[in-house]
Structure formats: C-alpha cells, structure tokens
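See below for the structure under consideration.
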C-alpha cells in the first residue's frame, strides 16, 4: 500500500486581538478598545502581556515584549491579557503586531464610528483579530 505525504495541520494562532468601538458611559466619550490575550490558559497566575504600543500616522504598532506576573500573590487561572483604550479611531489603518523573535503580522483595518473591519491580513498568522467582545 502506497503512503502519501504527511500533512502537518495548521498551527493555531497564539494570540487573539480584540478591536472594537466602545462608549465610556461614565465619561460619555467614544473610544476604541484594543485588547490582546493569549489563547493558552495559565494555571497559576493571570499574567499581563507587556506591549509597547504606538500610533504613528495611519499605522498602529503593537510590539509584544513578553509576560509579567501579577503583583497580587493570589493564584487564579486564565489567559494573559493586555488592554488599552484609544480616542475613537476613524479611517483605514495598517496594524503591525510584532513578537519577541521579530516575527510580524500586518493587517489593514478600517474603522468607522460603529464598526471595525479587517480588510487584509497575512497568510501565516500568530494573531487572529476579532471585532466583537463575544468572540474574544
């Protein structure tokens, strides 16, 4: 019997990135929430993802520097998380996410007052983008 080549299953993404418009009820102002989480769940602590963020012109840079243990010593389970809010973004932006090993994922993202649309993305992704908190 002839055997075929083994096909390696695609590796799942390591991170999930939430980008969504949000209304800050207390301050009555609109913001864009950008939140990153690991798909891996940790058993001992809920780590924080250390991210250097920069918006330069129409490009958003998110550089992942690693994980940081929480200051509180209480154990809890869950993914590592990073959250940031920006003044409401409008128009088309390039989004560049970089890992420690300098691997990059580049996306084209369009922002309106009520929605976020991912127009283009890399073929090989280590981060997947979602635009709804239910999917995150």
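The values are calculated or read from the model by the stated rules, or taken from the named source; none is laboratory data. Keep in mind the model is a prediction, meaning the values are calculated, not measured. Virtual Cβ from ideal backbone geometry, glycine too; neighbours counted across all protein chains shown.
Output yes when any residue across segment 88-95 is out of contact with any helix residue (DSSP H, G or I) (no Cβ under 6 Å at 6 or more places or on another chain), assigned to a strand (DSSP E or B) and without any contact (Cβ under 8 Å) to a residue 12 or more places away in the chain, and no when none is. Among the residues of segment 88-95, not one is out of contact with any helix residue (DSSP H, G or I) (no Cβ under 6 Å at 6 or more places or on another chain), assigned to a strand (DSSP E or B) and without any contact (Cβ under 8 Å) to a residue 12 or more places away in the chain, which makes the answer no. If only one of 41, 27, 52 is assigned to a loop (DSSP other than H, G, I, E, B), without any contact (Cβ under 8 Å) to a residue 40 or more places away in the chain and either loosely packed, with under 13 Cβ neighbours inside 10 Å or more than 14 Å from the chain's Cα centre (by Cα) (or both), which one is it? Result of the check over 41, 27, 52: 27. Quick test of your reading of the structure: residue 129 fulfils all but one of (1) assigned to a loop (DSSP other than H, G, I, E, B); (2) within 24 Å of residue 24 (Cα to Cα); (3) under 12 Å from the mean Cα position of the chain (by Cα). Name the failing condition by number. Of everything listed in (1) assigned to a loop (DSSP other than H, G, I, E, B); (2) within 24 Å of residue 24 (Cα to Cα); (3) under 12 Å from the mean Cα position of the chain (by Cα), residue 129 misses just condition (1). Residue 119 meets the stated requirement of being loosely packed, with under 13 Cβ neighbours inside 10 Å and either at pLDDT 95 or above or on the phi > 0 side of the Ramachandran plot (or both).
The test for being surrounded by 13 or more Cβ atoms within 10 Å (Cβ to Cβ) and either in contact (Cβ under 8 Å) with a residue 12 or more places away in the chain or part of a loop (DSSP other than H, G, I, E, B) (or both) does not hold for residue 102.
Could you please find all residues in segment 122-135 being more than 13 Å from residue 13 (Cα to Cα) and surrounded by 14 or more Cβ atoms within 10 Å (Cβ to Cβ)? Result: 131, single match.
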